[in-house]
Amino acid sequence: MDADKINFRPDQKESSNNKIEETSENVKPVGVSVVEEVEKRAEEETKKEKEEKKQEEDGYTTLPPELESVVKRYKIKEQFKEVAEKIVIPQFMSMAEEKVNNSIFDMDEVEKIDSLFNKDSLLKNFKLDKADTNVDFSTRTSTMYKVDVNENGENTPEYIKIDGKDHKIIVDYILNPKTKQQRIPTCVRAIKLNIGKMIPIPDQDIENYIKKLIEDFDDEQFEDLAQHLVSYSEKIKDKIKELSQEHMESEFKKLLDMDKIECKPIYTFPKDIVLGMVKKGMSKTLYQEEGKMDGYEWEVIQDVISMDNVLFWTRNVEKHGFVINGFINHYPDFIIVTKKGKVVLLETKGDHLDAEKKIILGNLWESRAGSNYKYCLVYDKRRVEGSLTKAEFLERMKMW
């Protein structure tokens with residue numbers, strides 16, 4: 001990379017005749033033109049992110065009109081249609097109270113109003129500025145990157161490796177005594193750009209938290225930050241996610257105990273589905289075809305299919321099918337219906353993977369959904385509290 005091409009000149013400013021002249025005042029932050037470019041893209045993408053988020057919460061995707069007529073749709077099989085149409089799977093609902101005047105008795109009555117629960121509401125009282133700042137920066141990658149626009153023209157930021165002269169320019173700028181006053185805001189801005197949006201947490205709250213983490217750094221720590229900017233950014237983002245998840249889980253359980261959230265029958269099977277990749281030749285499928293699955297998913301569902309008491313099953317479409325809408329949005333892998341009328345939500349998980357939050361939420365959902373609804377997170381042989389091994393799951397399935 002040519003150092004003359006890097007979009008960073010802290011010792012220059014633009015004069016009235018649009019020529020660049022040197023100055024020791026008004027020092028620009030690191031990579032200011034890149035910063036402004038990424039910020040502009042971020043604003044443009046905010047609307048798109050919100051729309052995609054709403055679609056995820058609603059559990060479906062709207063196809064563009066021009067694709068509606070050409071995209072293949074797979075319908076519910078006729079032999080299962082009558083049973084499937086009667087099934088309404090519970091989801092979590094927010095319960096609010098509203099005073100309504102009874103004109104007959106001229107007195108106020110309290111009326112309960114429900115709406116599909118949205119996990120973002122759990123962060124309404126989340127105070128990032130009061131959260132702990134215990135972040136371990138001791139393990140990090142040794143490569144420095146900058147955010148750039150990829151060459152194919154898409155509005156997607158890419159991390160591009162910075163080394164040699166370019167690396168030295170940025171490190172020298174951060175550590176330069178003459179620019180020391182700009183050191184913290186420059187690093188805050190660079191880290192925030194790497195982190196990106198964390199909707200619904202306000203950008204300003206994130207920036208204030210970053211500042212709180214680094215404001216007491218000495219020269220040696222700032223040098224380490226400059227050389228491992230992406231690693232620091234990732235660790236800070238992971239910490240914010242951890243803090244927000246802990247808060248959401250705690251708030252969700254409180255609201256459940258206070259009956260501010262209830263589990264009510266809401267979700268019905270779509271009359272047809274759109275699939276990207278299809279797994280053909282499976283029996284007892286609810287739809288004419290079902291979506292793709294990995295090796296362990298296929299292994300478990302094959303055992304389920306072989307059971308005499310299973311009526312039908314469907315591969316739940318990630319982000320567009322049924323969601324357990326709690327402190328996380330959890331889309332179980334499969335929905336199984338037995339001849340006794342039991343509805344089983346099945347999540348398969350490889351033994352090497354952790355799924356503590358899914359286990360907690362799934363079991364909370366089962367405890368509130370009613371006796372005809374079951375949730376099972378199934379490992380092969382690994383034993384985790386609240387989950388089942390494959391052998392244990394298959395034994396339970398026989399009883400349902």
Self-check item: Stretchable slack from Asn125 to Leu175, in nm (0.36 nm times residue separation minus alpha-carbon distance)
Solution: 14.3 nm
Practice problem: Multiply the residue separation of Ser250 and Trp298 by 0.36 nm, subtract the distance between their alpha-carbon atoms, and state the gained length in nm to one decimal. | Solution: 13.8 nm
Quiz item: What order, most packed first, do the peptides 123-129, 246-252 have when packing is the mean number of other Cβ atoms within 10 Å of each residue?
Solution: 246-252, 123-129
Self-check item: Pairwise centroid distance, computed over Cα atoms, of segment 322-350 with segment 185-220, Å
Solution: 38
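How much FRET efficiency would the formula 1/(1 + (r/R0)^6) give for Asp205 and Lys339, where r is the Cβ-Cβ distance and R0 is 60 Å, rounded to 0.05?
0.70
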Quiz prompt | Given Lys319/Lys374; Lys254/Lys398; Lys279/Lys339, the pairs whose alpha carbons are separated by over 27 Å | solution = Lys254/Lys398
Quiz item: Taking a probe of 1.4 angstrom, what is the accessible area of Glu234 in Å², to the nearest 10?
Solution: 100
Exercise. Run the quick spin-label model on Phe137 and Ile328: label points 7 Å from Cα toward the beta carbon, then report their separation in nm to one decimal.
Key: 2.8
Quiz item: Say the cut-off is 23 Å between C-alpha atoms; which of Lys75/Lys280; Lys253/Lys381; Lys271/Lys342; Lys180/Lys212; Lys264/Lys349; Lys130/Lys197 go over it?
Solution: Lys253/Lys381; Lys264/Lys349
Quiz prompt | Karplus 3J(HN,Hα) series, Hz, for segment 278-290 with 6.51 cos²θ - 1.76 cosθ + 1.60 (x for Gly, Pro) | solution = 10, 9, 8, x, 8, 9, 6, 6, 5, 9, 4, 9, 10
Practice problem: For Gln79 and Ile305, compute 0.36 nm times the residue count separating them, minus their Cα-Cα distance, and round to one decimal in nm. | Solution: 79.7 nm
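Taking only protein heavy atoms and a 1.4 Å probe, what accessible area per residue, in Å², does segment 307-400 have with all protein chains in place?
So segment 307-400 comes to 42 Å² accessible per residue, rounded to a whole number.
The values are calculated or read from the model by the stated rules, or taken from the named source; none is laboratory data. Note that the structure is predicted; figures quoted are calculated from it, not measured. Counting neighbours? That spans all protein chains shown, and the Cβs are built from the backbone with ideal geometry, glycine included. Please note that ligands, DNA and RNA were not included when accessible areas were found on the heavy atoms of the full protein model with its side chains. Shrake-Rupley method; radii C 1.70, N 1.55, O 1.52, S 1.80 Å.
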